[in-house]
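One structure below.
The values are calculated or read from the model by the stated rules, or taken from the named source; none is laboratory data. If you're wondering where the values come from, they're calculated on a predicted model, not measured in any experiment. Reconstructed Cβ throughout: ideal geometry from the backbone, glycine too, with neighbour counts over all protein chains shown. In case anyone asks, the SASA skips ligands and DNA or RNA and just uses the protein heavy atoms, side chains included. Shrake-Rupley method; radii C 1.70, N 1.55, O 1.52, S 1.80 Å.
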Amino acid sequence: EFKNGFPNGQGTLTSSHGTKYEGEFKDGDRHGQGTLTSHDGRIEVGVWRESQPWNNIEYDKNGNTIGKWVNGVEQ
């Protein structure tokens, strides 16, 4: 979905490097619930604000937790 030329609402964005974001957008930013999958197999799931992780958990390609953000602060 687009509004004023920017992604808004639900969608999928894939970069030329192979990173893929599936989730909510607002004014072109990752904003809301979504999943970011890196080219190396890492997956970050949770809530984004202005394209920054807000309440997220990051997993390595084997499903092990490797990072966590609470209210925008890495734990």
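Normalised radius of gyration (Cα atoms, divided by 2.2 N^0.38 Å) for the chain: 1.09.
Per residue, the chain exposes 67 Å² of solvent-accessible protein surface, assessed with a 1.4 angstrom probe and all protein chains in place. Accessible surface ranking for Glu1, Glu22, 1.4 angstrom probe, highest first: Glu1, Glu22. Label-to-label distance, Lys68 versus Lys20, with points set 7 angstrom from Cα along the beta-carbon direction: 2.8 nm.
Multiply the residue gap between Leu13 and Val45 by 0.36 nm, knock off their C-alpha separation, and tell me the result in nm, one decimal place.
Difference between extended and current length: 10.0 nm.
Across the accessible surface of the chain, with the other protein chains kept in place and a 1.4 Å probe, carbon and sulfur atoms take up 47 percent.
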